[in-house]
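The values are calculated or read from the model by the stated rules, or taken from the named source; none is laboratory data. Since the structure is predicted, the reported quantities are computational estimates derived from the model, not experimental observations. When we count neighbours, we look across all protein chains shown, and the Cβ atoms used for this are built from the backbone with ideal geometry, even at glycine. Please note that ligands, DNA and RNA were not included when accessible areas were found on the heavy atoms of the full protein model with its side chains. Shrake-Rupley method; radii C 1.70, N 1.55, O 1.52, S 1.80 Å.
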Amino acid sequence: MTPINILGLLLLALSLYLRDWVSRPPTTPTPPELQLEVMQPLSVRLYFSNTQVDDFVTEDRTVQVEGKSPGKVAQATLNAWVRGPLKGKGLRAVPQGSAAPDVWVRGPHFYVNLPTSYTQFNFGISGERMVICSLTRSLLEKTGKDVLFLVGGQSSPTLLGHMDLRRPYTKADCTS
């Protein structure tokens, strides 16, 4: 055996080992453990209309929120808002059984998608103002800069023909 034969046998053995190693099936990864966020109580202030539909009535309520992300807190706030006042002082802004709007948060900005059923309400300007402003005040109570409204997932000039929805609303736009 010459040194070249020995080197050839070593290369052959190495290539057979590498071929076997490359053709092995990959190891099955273990999935990460599912970690559910715990529902936590959170106090929120909700705004409703007074009986004359010209001012706000507030109600402090405790809602259950999964985690503390701004989007989940905002959605829990709107879910409580759509149920209306529980203490009987104010009027609900939307009829009983109405769907809660969806909300997204991006930085200090809230984006509220009003269901298209909200365009069927027979409200005047005061009623439309209460829907928009009670939502805005409820969302901006603790955090946030402004609220931009969509209707049915689309930009809309108005909800019921009275208030301009093409621009975002701030707390200052919704004073009593």
Exercise. May I ask you to list the residues in segment 32-78 that are part of a helix (DSSP H, G or I), open to solvent by 70 Å² or more (accessible area, probe 1.4 Å) and in contact (Cβ under 8 Å) with a residue 60 or more places away in the chain?
Key: Pro70
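From the list Ser126, Ser98, exactly one residue is open to solvent by less than 30 Å² (accessible area, probe 1.4 Å) and under 21 Å from Val53 (Cβ atoms). Which is it? Break it down stepwise before answering.
Working: Ser126 fails: open to solvent by less than 30 Å² (accessible area, probe 1.4 Å).
The conditions single out Ser98.
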Quiz item: Could you list, in sequence order, the residues of segment 137-164 that are surrounded by fewer than 18 Cβ atoms within 10 Å (Cβ to Cβ) and on the phi > 0 side of the Ramachandran plot?
Solution: Gly152, Gly153, Gly161
Practice problem: Could you please tell me which pairs satisfy a Cβ distance under 9 Å, a separation of 6+ or placement on different chains, a first residue in segment 115-137 that is touching a residue at least 12 places away in the same chain (Cβ under 8 Å), and a second residue that is in a helix (DSSP H, G or I) and of a type in the set (Phe, Trp, Tyr)? | Solution: Val131/Tyr118; Ser134/Trp81; Leu135/Trp81
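Going through segment 88-129 one residue at a time, which ones are of a type in the set (Phe, Trp, Tyr) and either in contact with a helix residue (DSSP H, G or I) (Cβ under 9 Å, 6 or more places away or on another chain) or more than 19 Å from Val147 (Cα to Cα) (or both)?
Hits for segment 88-129 are Trp104, Phe110, Tyr118, Phe121, Phe123.
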Practice problem: Spot the failing condition for Pro85; the list is (1) in contact with an Asp or Glu (Cβ under 8 Å, 6 or more places away or on another chain); (2) more than 24 Å from Thr119 (Cα to Cα); (3) surrounded by 16 or more Cβ atoms within 10 Å (Cβ to Cβ), and only one is missed. | Solution: (2)
Practice problem: Could you look through segment 67-101, keep only residues that are among the charged types (D, E, K, R) and under 29 Å from Gln35 (Cα atoms), and pick out the one that is modelled with the lowest pLDDT? | Solution: Lys68
Practice problem: Filter segment 32-63 for residues that are closer than 14 Å to Leu78 by Cβ and of a type in the set (A, V, I, L, M) and give the result. | Solution: Leu42, Val44, Leu46, Val63
Quiz item: Residue check, Ser134 against (1) of a type in the set (Gly, Ala, Ser); (2) buried (at least 16 other Cβ atoms within 10 Å of the Cβ); (3) out of contact with any Phe, Trp or Tyr (no Cβ under 6 Å at 6 or more places or on another chain), all met but one. Which one?
Solution: (3)
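Could you tell me whether segment 49-62 includes any residue that is hydroxyl-bearing (Ser, Thr, Tyr) and out of contact with any Leu (no Cβ under 9 Å at 6 or more places or on another chain)? Step through it out loud before you land on a result.
If we filter segment 49-62 for residues that are hydroxyl-bearing (Ser, Thr, Tyr), which is where we start, we get 49, 51, 58, 62.
If we keep only those that are out of contact with any Leu (no Cβ under 9 Å at 6 or more places or on another chain) too, we end up with none.
No: segment 49-62 contains no residue that is hydroxyl-bearing (Ser, Thr, Tyr) and out of contact with any Leu (no Cβ under 9 Å at 6 or more places or on another chain).
Residue under question is Leu150, and the condition is that it be in contact (Cβ under 8 Å) with a residue 40 or more places away in the chain and of a type in the set (A, V, I, L, M, F, W, C); does it hold?
Numbers: in contact (Cβ under 8 Å) with a residue 40 or more places away in the chain: no; of a type in the set (A, V, I, L, M, F, W, C): yes.
No; evaluated as a whole, the condition is false for this residue.
Any chance you could count how many residues in segment 101-123 are surrounded by 15 or more Cβ atoms within 10 Å (Cβ to Cβ) and either out of contact with any strand residue (DSSP E or B) (no Cβ under 9 Å at 6 or more places or on another chain) or under 13 Å from Leu160 (Cβ atoms) (or both)?
To start, the set of residues in segment 101-123 that are surrounded by 15 or more Cβ atoms within 10 Å (Cβ to Cβ) comprises 101-105, 110-115, 118, 121, 123.
Those left that are additionally either out of contact with any strand residue (DSSP E or B) (no Cβ under 9 Å at 6 or more places or on another chain) or under 13 Å from Leu160 (Cβ atoms) (or both): 114, 118, 121, 123.
Result for segment 101-123: 4.
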